[in-house]
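The values are calculated or read from the model by the stated rules, or taken from the named source; none is laboratory data. The shown structure was predicted, so the numbers you read here are calculated from the model rather than taken from an experiment. A quick note on method: Cβ atoms are made from the backbone with ideal geometry, for glycine too, and the neighbour counts reach across all protein chains shown. All accessible areas refer to the heavy atoms of the entire protein, side chains included, with ligands and DNA or RNA removed. Shrake-Rupley method; radii C 1.70, N 1.55, O 1.52, S 1.80 Å.
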Amino acid sequence: MLTLISENLIMGHIRLYDMLEKLSSRSSLEREEWHYLLAVTDAHEREILRQKAAEVAVSHFGKGVFVRGLIEISSYCRNNCNYCGIRCGNTFAERYRLTKEQILKCCHQGAALGLNTFVLQGGEDVRQNDEWIRDVVETIHHEFPEKAITLSVGERCEAAYKSFFEAGASRYLLRHETRNDAHYAQLHPSNMSSSNRRACLETLKRIGYQTGSGMMIGSPFQTTQHLVDDMMYLQELQPQMIGVGPFIPAKNTPYAHFDAGCVDLTILVVSLLRLRFPHALIPATTALVSLNPQGRLLAIQAGANVVMPNLTPTEVRDKYSIYNNKKNSGSESAQQLCLLQQSLDAIGYHIDYGRGDYTDKQ
Ligand code: 5AD
């Protein structure tokens with residue numbers, strides 16, 4: 001009996017080491033292989049994956065963690081995603097939109113803090129239309145020609161994406177949320193589709209953006225198979241940035257009463273992403289920190305290499321409430337970079353103030 005158990009254990013580990021070897025050869029994994037890895041529950045095996053992922057990150061990026069100043073430009077959104085606190089159907093959500101002048105002021109503050117990337121993120125606000133976004137990007141690019149501008153303003157047409165790129169935006173974040181069409185339909189209203197989301201991502205890549213995608217972990221109805229679909233899709237898309245965070249319920253939404261996603265599973269996914277995409281820019285997301293104060297450090301120690309301190313004007317920050325208890329103060333705040341530095345110090349990492357563009361020298 002004992003030998004049977006230990007044989008099983010050894011066989012289990014052999015499979016894990018086989019997978020690690022395949023991952024280090026940078027070849028694509030099959031569905032069944034992803035399923036195996038995503039279903040690893042043994043704490044020791046997860047620890048092996050985490051340590052290996054941290055090693056891979058350090059070998060490519062050292063102990064530096066890139067910082068991006070996050071400016072949440074509007075809490076208005078025309079979409080009605082079932083999980084999101086700023087969905088248009090949430091009449092309790094508090095709304096604000098920043099003016100161009102306010103955004104520029106945030107950029108000046110960010111520049112004074114030494115940040116070299118500004119991320120403009122917002123709901124799909126019809127007032128912040130394509131021409132308005134283009135003009136804001138052009139002005140920021142003119143004032144800060146050395147800084148990277150990242151946009152995260154949802155699904156737009158190809159002409160708009162091109163015009164933003166020409167105006168100086170070089171990165172775009174648009175999570176695919178879930179690759180499985182049926183699951184996508186459970187999370188979104190019927191006027192949105194997984195195929196349109198993917199078409200947008202293809203377009204962004206084709207235009208030349210460093211493109212970011214990703215998914216929530218533990219979103220309502222999500223199964224391991226859905227996460228397998230996500231991994232297969234990411235292998236196909238090859239995004240330069242991949243953001244994953246746990247689902248967190250948002251009050252006054254249809255999914256307000258679902259459980260939050262699991263931090264440990266999110267950390268496992270971060271490890272696997274780092275192993276499969278060694279050069280990718282992978283943030284330690286605010287959602288992780290919102291669920292667990294140690295979330296940022298856990299993610300960095302599992303291979304994440306980006307953090308996005310919040311630069312949004314403090315008086316409206318609480319209104320960008322995409323889920324409950326979203327953290328935006330302390331070391332999540334750009335004004336408190338010293339706290340971030342201290343917490344990184346404690347695990348032997350430091351802030352890297354470089355632009356942190358995607359490079360794949362292999
Ligand atoms: N929980 C976790 N993440 C969420 N997002 C939106 N709503 C939630 C939520 N309730 C994520 C989506 C979106 C990103 C900006 O925030 O993945 O792409």
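Counting only aspartates and glutamates at least 8 places from residue 319 when in the same chain, those with an alpha carbon closer than 13 Å to its own are 72, 94.
Working from label points 7 Å from Cα in the Cα-to-Cβ sense, the residue 336 to residue 59 distance is 3.6 nm. If one computes the Cα centroid of region 235-307 and of region 134-177, what distance in Å separates the two points? Result: 24 Å between the Cα centres. Surface composition of the chain: carbon plus sulfur atoms contribute 52% of the solvent-accessible area (1.4 Å probe, protein chains only, all chains present). Distance between the pseudo-spin-label points of residue 357 and residue 207 (7 Å out from Cα toward the beta carbon): 1.8 nm. Taking 4.7 Å between beta carbons as the limit, the unpaired Cys residues of the chain are 77, 88, 106, 107, 157, 200, 262, 338.
Residue separation of residue 18 and residue 91 scaled by 0.36 nm, minus their Cα-Cα distance, works out to 21.1 nm of gained length.
When the listed pairs 162/251; 105/327; 63/327; 63/162; 100/147; 63/147 are checked against a 26 Å cut-off, the alpha-carbon distance exceeds it for 162/251; 63/162. Name all residues of region 324-346 having a backbone nitrogen under 20 Å from the label point set 7 Å from the Cα of residue 108 along its Cα→Cβ direction, giving them as ranges. Within reach of a label on residue 108: 334-336. Working note: 222 nm ellipticity from helices only, DSSP H runs with n ≥ 4, each -39,500 (n - 2.57), summed and divided by the residues of the chain, gives -13500 deg cm²/dmol to the nearest 500. Solvent exposure of the chain, expressed per residue, is 42 Å² of accessible area, with all protein chains present and a 1.4 angstrom probe.
The angle between the Cα long axis of helix 43-61 and the main principal axis of the chain comes to about 50°, on a 0 to 90 degree scale. If R0 equals 25 Å, the separation of the Cβ atoms of residue 199 and residue 132 corresponds to a calculated FRET efficiency of about 0.60. For the chain, the longest principal axis of the Cα atoms and the long axis of helix 100-112 meet at an angle of about 60 degrees.
Note down the relative contact order for the chain as a percent, whole number, built from C-alpha pairs under 8 angstrom at least six residues apart. It rounds to 24 percent for the chain.
Please state the relative contact order of region 128-206 as a whole percent: Cα pairs under 8 Å, 6+ residues apart? Could you put the intermediate results ahead of the total?
Values: 71 pairs, mean separation 23.5, N = 79.
After rounding, I find 30 percent.
Its relative contact order, with pairs defined as Cα atoms under 8 Å and 6+ residues apart, puts region 107-244 at 22 percent.
For the listed peptides 104-113, 133-142, a ranking on the average number of other beta carbons within 10 Å per residue, highest first, reads 133-142, 104-113. Helix 224-237 and the long axis of the chain differ in direction by around 60°, with both axes built from C-alpha atoms. Model label points for residue 142 and residue 32, set 7 angstrom from Cα along the Cα-to-Cβ axis, are 6.0 nm apart.
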